[in-house]
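Single-structure report; data block below.
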Amino acid sequence: MLKLKHSRPLFVGGTRYCFQHPEHANRCVKVLRPDRTGAARKILRKDFKRHLPARFLDDQRKEIKAYRELLTRASETLWRYVPRYHGTEETDMGIGIVTQLMRNADGSWPKNLEQILVDGMSPELEAGIEEFLTAVGDLRILSRDLLPHNIVAVKEDTGYRVMLVDGIGNAELIPLSTWSGFFARRKTQRKIRRFRQRCALLLPS
């Protein structure tokens, strides 16, 4: 079992803590924050979802399921836009999702789009974003939502590599978009339109 509880996370997200893997420096371990477990979220719900089993509100389970589905059609191209999945490991903070840990070409940590876009859009960043959005559609990379803070821009020698690092999976109660390419394409295009709107709001006026 990995001991993470007394370590400092590299990043703290809205749902998870992200730790550097204690045995693999180029991997991270993502665990749910105690206040974001399925059971914790169930208590706070005011709609019909409060009556569902806690597993239906567990984002960790959803992401593991999404990665396993991606593995059925994985390729090196896919791992350019989603961190490579290395399975799960038991930790002292619950089940951990293990993925590739991304760094910029100079070794620094990449920023997410919410952090970057407030300073403006460069041609290199725009090209990276457009490449990413094309891949999301072509590769059917499903996400609970395409939120700028869940998407990082890794600075490479030749430009930006834009990647979805959190929120991977299908939020549908009945996962039509997982089962059907038609529904996946429709849903993905809606999410891309909303993503563009969110990015536009972040840009300086």
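The values are calculated or read from the model by the stated rules, or taken from the named source; none is laboratory data. All figures in this text were calculated on a predicted structure; none of them were measured in a lab. Please note: Cβ atoms are built from the backbone with ideal geometry, for glycine as well, and neighbour counts cover all protein chains shown. Calculation scope for accessible area: heavy atoms of the full protein, side chains included, ligands and nucleic acids excluded. Shrake-Rupley method; radii C 1.70, N 1.55, O 1.52, S 1.80 Å.
Tabulated values for the structure
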item: Cα-based shape type of region 82-177, given that a ≥ b ≥ c are square roots of the gyration tensor eigenvalues and the cut on a/c is 1.5; result: oblate
item: Cβ-Cβ FRET estimate between residue 55 and residue 11, R0 fixed at 22 Å, reported to 0.05; result: 0.30
item: For residue 1, solvent-accessible area (1.4 Å; no DNA, RNA or ligand), Å²; result: 140 Å²
item: Residue-averaged [θ]222 nm for the chain, counting only DSSP H segments that reach four residues, each worth -39500 (n - 2.57); result: -9500 deg cm²/dmol
item: Computed over the chain: relative contact order in percent, which uses C-alpha pairs under 8 Å that are six or more apart; result: 19 percent
item: Paramagnetic label zone (point 7 Å from Cα along Cα-to-C-beta, residue 71; backbone N under 15 Å) in region 85-118; result: 85-90, 96-100
item: Percent carbon-and-sulfur accessible area, region 91-147, ignoring ligands, DNA and RNA, probe 1.4 Å; result: 48 percent
item: Surface accessible to a 1.4 Å probe, per residue, for the residues of region 81-151, Å²; result: 43 Å²
item: Gain in span if fully extended, residue 158 to residue 35, counting 0.36 nm per residue against the direct Cα distance; result: 40.3 nm
item: For the chain, the longest site-free run once trypsin sites (Lys or Arg not before Pro) in DSSP loop states with at most 14 other Cβ atoms within 10 Å are removed; result: 104-205
item: Eligible aspartates and glutamates near residue 3 by straight Cα distance, threshold 18 Å, same-chain separation 8 or greater; result: 23, 89, 90, 92
item: Full-extension gain in nm, residue 26 to residue 106, via 0.36 nm per residue minus C-alpha separation; result: 27.3 nm
